[in-house]
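Colleague: Can you read through this structure? Questions will come right after.
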Amino acid sequence: MPTDRRRWGKRAPEKTCLTNYARLPYVPVPGILNRQGLYGFVMLLSTKKGVAMPVKKLKEYLDSHQVKYITISHSPVYTAQEIAAAGHIPGKELAKTVMVKIDGKTAMAVLPASYRVDFDLLKKVAGASSVELASEKEFENMFPDCEIGAMPPFGNLYGMDVFVAASLAEGAEIAFNAGSHSELIRLSYKDFERLVKPKVAKLSYKISEPVESSL
């Protein structure tokens, strides 16, 4: 049986590279052993369209700009309430990305998970004639490296405008889905604003009932 080093053809991935994904679904790969004698595995992130890896593009972008951030891995969850609990993130820091169409052009509205978009306010802020929620079919192909509903709020990486709720901009940090429903990224809001250059304005209202909406 070939050793782990011979199998990979170079230095085998360090254990720490896999630690963050320990909770993700996996598929055993018989016959491939690591240095601890355990069977290796291939990690899969399920989406409606098939399999996708976590958003590598965003992490490389943050690293290239020397931005400090924390990656938080957790069991797959889909509602804002579950995500906040799984990541131990205060509700006011957990951001959700809502895809909207402003005069027919796709854009991002980023707001606290416990808030909802006020379309009248957003229309006024954008100086638009019409603002509406974008359907999943209209944007699912725009984020090939992300699971549907887990897009990070970095519209600048996808050539689209970003509008941020003023209530979110008041916090010191911001946390958001990192391209999958099993991983969050947390960083300084100032760093986020410096890179994305969003338009910050009052464009949302707080949900009075417990947060159950999906991110």
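Colleague: Against the conditions (1) modelled with pLDDT under 90; (2) not in a helix (DSSP H, G or I), where does residue 98 fall short? Just the number, please.
Modeller: If we test residue 98 against (1) modelled with pLDDT under 90; (2) not in a helix (DSSP H, G or I), just (1) comes out false.
Colleague: Check off (1) touching a residue at least 60 places away in the same chain (Cβ under 8 Å); (2) part of a strand (DSSP E or B) for residue 148 and give me the number that stays unchecked.
Modeller: With respect to (1) touching a residue at least 60 places away in the same chain (Cβ under 8 Å); (2) part of a strand (DSSP E or B), residue 148 is out only on (2).
Colleague: So residue 153 clears everything in (1) buried (at least 17 other Cβ atoms within 10 Å of the Cβ); (2) assigned to a strand (DSSP E or B); (3) of a type outside the set (Gly, Ala, Ser) except one condition, right? Which one?
Modeller: (2)
Colleague: Consider residue 128 carefully, then state whether it is of a type in the set (A, V, I, L, M, F, W, C), surrounded by fewer than 19 Cβ atoms within 10 Å (Cβ to Cβ) and either touching a strand residue (DSSP E or B) at 6+ places or on another chain (Cβ under 9 Å) or not in a strand (DSSP E or B) (or both).
Modeller: yes
Colleague: Right, another one. Taking residue 59 as meeting all but one of (1) at pLDDT 75 or above; (2) within 28 Å of residue 133 (Cβ to Cβ); (3) within 16 Å of the chain's Cα centre (by Cα), write down the number of the exception.
Modeller: Unmet condition: (2).
Colleague: If I go through segment 77-89 residue by residue, how many of them are touching a residue at least 24 places away in the same chain (Cβ under 8 Å), surrounded by fewer than 17 Cβ atoms within 10 Å (Cβ to Cβ) and either acidic (Asp, Glu) or part of a loop (DSSP other than H, G, I, E, B) (or both)?
Modeller: Qualifying residue count, segment 77-89: 1.
Colleague: For segment 165-181, which positions are among the hydroxyl-bearing types (Ser, Thr, Tyr) and in contact with a Cys (Cβ under 8 Å, 6 or more places away or on another chain)?
Modeller: Passing the criteria: only 180.
Colleague: Related question: Kindly indicate which of 113, 107 is closer than 19 Å to residue 201 by Cβ, assigned by TED's automatic domain parsing to the domain that holds residue 181 and modelled with pLDDT of 95 or more.
Modeller: 107
Colleague: Moving to a separate point now. What do you reckon, is residue 192 within 24 Å of residue 105 (Cα to Cα) and assigned to a helix (DSSP H, G or I)?
Modeller: In short, yes.
Colleague: What pairs come out if I take residues in segment 112-137 that are among the polar types (S, T, N, Q) and pair them with residues that are assigned to a helix (DSSP H, G or I) and surrounded by 16 or more Cβ atoms within 10 Å (Cβ to Cβ) whose C-beta lies under 8 Å away, six or more apart or interchain?
Modeller: 114/80; 129/123; 130/123
The values are calculated or read from the model by the stated rules, or taken from the named source; none is laboratory data. Just so it is clear, the model here is predicted, and its values are computed rather than measured. No Cβ is skipped: glycine too gets one built from the backbone with ideal geometry, and neighbour counts run over all protein chains shown.
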